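One structure is given here, and the rest of the page talks about it.
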Amino acid sequence: MSNAAKSTGHGFRAHDSTSRSGRSIRLTKAAAILKHIKAEGQTAEVEMNKSLGALSIGGDNRVFVIAEVSANHNNDLNRALEIVRAAAEAGADAIKLQTYTPDTLTIKSDREEFRVTGTIWEKETLYSLFEKAHLPWEWHRPLFEEAARLGMRYLSTPFDFTAVDFLEDLGVDLYKIASSEVVDLPLIKRVAGTGKPVLLSTGMATREEIQEAITTLRENGSGDICVLKCTAAYPAQVADANLRSLARIPEFFGAIPGLSDHTMPETVPVVATALGAKVIEKHITLDRSAGGPDAEFSLEPEEFARMVAAVREAEAALGVASFEPTAGEMRTRDFRRSLYVVEDIAAGELFSAENVRSIRPAAGLHTRHYEAVLGTPARVDIDGGTPLSAEMLTVPLAQV
């Protein structure tokens, strides 16, 4: 990939969305996507129909919105499926899972360095936290199938080699590297070897660490890369977002800019969109009051829908770089200023500041002719309130 950011070349389904009942965004349902349903007792192969409404990430394409299911399933597959459906209804383009077990992420230890302190997961050990939060691997297929049925893409964050192999078997189109795994170069090499596009989250990382991860990806066959600006705090504070960094991502890393956001208001995703983010990832839950390891920094469906709507409005507001009137402005141009005769004038009488003025509307001569007209005689009698025209002048307009 060149040093300039470019699209992934992998299609993503586009969804047109409008508000419904003031509460959510109506998702345009895609055509049937499940293919190759095999005989009973065999698995179903899910394949996205890439010929319908392909959407690339980056360039002039709209922002790709990812709903992160994370640990909000609360160990209930039906709840996880409801989250996927809520994400689709809220206008997400994709859902994302996390593929790990406590044993693929850490070891069971009570040593001090394995205890989680200073966060919302106080008093947990790494192992106990991941034991509660992990999503059973056998749930991935039904969740991905439901996402596909609803017209969404699906992806996951792998945390070890076995997770990469597992996700390859499920046919994911792209991967995400989590912020804590930016420094796991062997894992990054394994993901790069799939040749798929990669979203690289950068919470806690230094510029040098980000560059090392990107270099590792590119040297090992990765597809295109989107660097996600991320603040690894849960929840994160708006003041810590540092969104001006987004404009530097193409310059520094030759990658597509995006955002993995843990703040609660809509402000950060909207500003990120205005600053060029082409991916927005946010956590989603059905109901924060139901609890769960990630509930405190996750949006409920109505909040997620409002966020998507605000992002789409921000995109529309960005428009194009143009200094010409829009189609909607053409009628109002008729009410700009022009030259009018404001008092009755007899033929031969001189035009003056008393009988000619620049007023609204725009039916008369352009105001650029005002000084040249003054002091010249009228060709005909003119009633006050008449727009001044070239036919009323004794001097050719070209000389005025």
Loop-only chymotrypsin sites (Phe, Trp or Tyr not before Pro) in the stretch 318-350, please: DSSP not H, G, I, E or B, and at most 11 other Cβ atoms within 10 Å. PHE323
Could you work out the relative contact order of the chain? I mean the mean sequence separation of Cα pairs under 8 Å and 6+ apart, divided by the number of residues, in percent. 15
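Do any of LYS229/LYS278; LYS96/LYS176; LYS132/LYS176; LYS229/LYS282; LYS176/LYS278 go past 18 Å between their Cα atoms, and which?
LYS132/LYS176
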In what sequence, highest mean first, do 281-288, 112-119 appear when ranked by Cβ atoms within 10 angstrom? 281-288, 112-119
Which ³J(HN,Hα) values, rounded to whole Hz and listed in residue order, are derived for the stretch 356-367 from phi using the Karplus coefficients 6.51, -1.76 and 1.60 in 6.51 cos²θ - 1.76 cosθ + 1.60 with θ = phi - 60°, glycine and proline given as x? 10, 9, 8, 9, 8, x, 9, 7, x, 4, 4, 5
Note to self: with every protein chain in place and a 1.4 Å probe, the stretch 199-324 gives an accessible area per residue in Å² of 43
In percent, what relative contact order does the stretch 161-223 have, based on Cα pairs under 8 Å that are 6 or more apart in sequence? 38
Accessible carbon and sulfur surface of the stretch 94-187 relative to its total accessible area, %, 1.4 Å: 52
Quick one: what does P(r) look like for the stretch 64-114 with 10 Å bins over all Cα pairs, in whole %? 22, 39, 23, 14, 2
Could you tell me the accessible area of SER245 in Å² (1.4 Å probe, neighbours in place), rounded to the nearest ten? 50
Sorted from largest to smallest, which semi-axis lengths in Å does the alpha carbon gyration tensor of the stretch 140-294 give for its equivalent ellipsoid, taking the root of 5 times each eigenvalue? 23, 22, 14
Need one value: the accessible area of MET204 in square angstrom, 1.4 angstrom probe, rounded to the nearest 10. 130
Relative contact order %, the stretch 321-400, counting alpha carbon pairs below 8 Å whose residues are six or more apart: 33
Find how many whole Å separate the alpha carbon centroid of the stretch 358-388 from the alpha carbon centroid of the stretch 273-316. 57
The stretch 127-168 - convex hull of the alpha-carbon atoms, volume per residue in Å³: 81
For the chain, what is Rg from Cα atoms divided by 2.2 N^0.38 Å, rounded to two decimals? 1.40
In square nanometres, what is one fourth of the surface area of the convex hull spanned by the alpha carbons of the stretch 269-365? 11.3
Run lengths n ≥ 4 of DSSP H only: what is the helix-derived mean residue ellipticity at 222 nm for the chain, with -39500 (n - 2.57) per run over all residues, to the nearest 500? -7500 deg cm²/dmol
Along principal axes, Cα extents of the stretch 175-228, largest first, whole Å: 26, 16, 14
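The values are calculated or read from the model by the stated rules, or taken from the named source; none is laboratory data. This structure is a prediction, so every number in the text was calculated from the model and none was measured. Neighbour counts run over all protein chains shown; Cβ positions are idealised from the backbone, glycine included. Keep in mind that these areas ignore ligands, DNA and RNA; they rest on the heavy atoms of the full protein, side chains included. Shrake-Rupley method; radii C 1.70, N 1.55, O 1.52, S 1.80 Å.
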